[in-house]
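Asker: Take a look at the following structure, please.
The values are calculated or read from the model by the stated rules, or taken from the named source; none is laboratory data. Remember, it's a predicted structure, so these values are computed and weren't measured experimentally. Glycine gets a Cβ as well: all are built from the backbone with ideal geometry, and neighbour counts include every protein chain shown.
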Amino acid sequence: MRAHNYRAVKGQPYTRKKFIGGFPPPKITKFTMGDTKSEFEYEAKLIALEKAQIRHNALEAARIATNRYLGDKLSKNYCFRVLPYPHMILRENKMIFGAHADRLQDGMKRSFGKPIGTAARVKPNQTIMIVNVNEDGVQAAKEALKRGSAKLPITCRIIIEKVQATEEVKTS
């Protein structure tokens, strides 16, 4: 199984888990890391530049690479979120090659395949990861997102924005 076989967005999404038996759960374990309760000044976003399917193990590898760098540089002074959830179920029609394998093959006629993994469909300009930091952690967030984007099968762009403070108005 090669990852580039599942990168292209083709056909309808295959997501109805009610009708599918025995699909593997996504490998991505956490979607929010760091200090989730604090408010931060800056927001760094990793944005997809093309449409594709990102497999769950690629999302998990990007999450680990980004979170590890942020943890080393900023300890707990950040909030990191992975936004897409891998809903798409990927199928594969397994074919066995080699000596005496011809008796086990059924060929490609009306092949549907068995579930082998999950993927998240992303569109152009969709945000994949968000890192919230203070002013001293902007460079670390940029480098962390750069390292995380290297694990993804598509080209990405990093945007850094200043977060505007929201004030709560009390009514009496």
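Asker: Give me the residue from the stretch 12-71 that is surrounded by 20 or more Cβ atoms within 10 Å (Cβ to Cβ) and among the polar types (S, T, N, Q) and, out of that set, farthest from Lys146 (Cα to Cα).
Answerer: Going through the qualifying residues, I end up with Gln53.
Asker: Restricting the first residue to the stretch 14-28 and requiring it to be within 15 Å of Phe112 (Cα to Cα) and part of a loop (DSSP other than H, G, I, E, B), which pairs with a second residue that is modelled with pLDDT under 80 and of a type in the set (D, E, K, R) meet a Cβ separation below 7 Å and a spacing of at least six or different chains?
Answerer: Sorted first by the residue in the stretch 14-28, then by its partner, the pairs are Phe23/Lys17.
Asker: Restricting attention to the stretch 115-125, report how many residues are out of contact with any His (no Cβ under 9 Å at 6 or more places or on another chain) and either of a type in the set (A, V, I, L, M, F, W, C) or under 23 Å from Glu39 (Cα atoms) (or both).
Answerer: Here is the first cut: in the stretch 115-125, the ones out of contact with any His (no Cβ under 9 Å at 6 or more places or on another chain) are 115-116, 122-125.
Subset that is either of a type in the set (A, V, I, L, M, F, W, C) or under 23 Å from Glu39 (Cα atoms) (or both): 116, 122.
Total meeting the criteria: 2.
Asker: Filtering the stretch 72-96 down to residues that are surrounded by fewer than 17 Cβ atoms within 10 Å (Cβ to Cβ) and aliphatic (A, V, I, L, M), which residue is farthest from Pro124 (Cα to Cα)?
Answerer: If we take residues in the stretch 72-96 being surrounded by fewer than 17 Cβ atoms within 10 Å (Cβ to Cβ) and aliphatic (A, V, I, L, M), then Ile96 is farthest from Pro124 (Cα to Cα).
Asker: For the stretch 116-143, enumerate the residues that are over 30 Å from Gly11 (Cα atoms), β-branched (Val, Ile, Thr) and part of a strand (DSSP E or B).
Answerer: First, pick out the residues of the stretch 116-143 that are over 30 Å from Gly11 (Cα atoms): 131-143.
Then keep just the ones that are β-branched (Val, Ile, Thr); that gives 131, 133, 138.
Those that are over 30 Å from Gly11 (Cα atoms), β-branched (Val, Ile, Thr) and part of a strand (DSSP E or B): Val131, Val133.
Asker: Is it the case that some residue within the stretch 32-51 is among the hydroxyl-bearing types (Ser, Thr, Tyr), farther than 12 Å from Leu152 by Cα and without any contact (Cβ under 8 Å) to a residue 24 or more places away in the chain?
Answerer: In the first step, residues of the stretch 32-51 are kept if they are among the hydroxyl-bearing types (Ser, Thr, Tyr); the result is 32, 36, 38, 42.
Checking the rest, the ones that are also farther than 12 Å from Leu152 by Cα come to 32, 36, 38, 42.
Now drop any that are not without any contact (Cβ under 8 Å) to a residue 24 or more places away in the chain, which leaves none.
Checked the stretch 32-51: no residue is among the hydroxyl-bearing types (Ser, Thr, Tyr), farther than 12 Å from Leu152 by Cα and without any contact (Cβ under 8 Å) to a residue 24 or more places away in the chain.
Asker: Does Lys109 satisfy the criteria of being of a type in the set (D, E, K, R) and at pLDDT 90 or above? Before the answer, list the steps.
Answerer: On the way: of a type in the set (D, E, K, R): yes; at pLDDT 90 or above: no.
Here the answer is no, as Lys109 does not meet what is asked.
Asker: Looking at the stretch 40-63, can you tell me whether even one residue there is under 26 Å from Val133 (Cβ atoms), in a loop (DSSP other than H, G, I, E, B) and of a type in the set (D, E, K, R)?
Answerer: Yes, there is a match, as at least one residue in the stretch 40-63 is under 26 Å from Val133 (Cβ atoms), in a loop (DSSP other than H, G, I, E, B) and of a type in the set (D, E, K, R).
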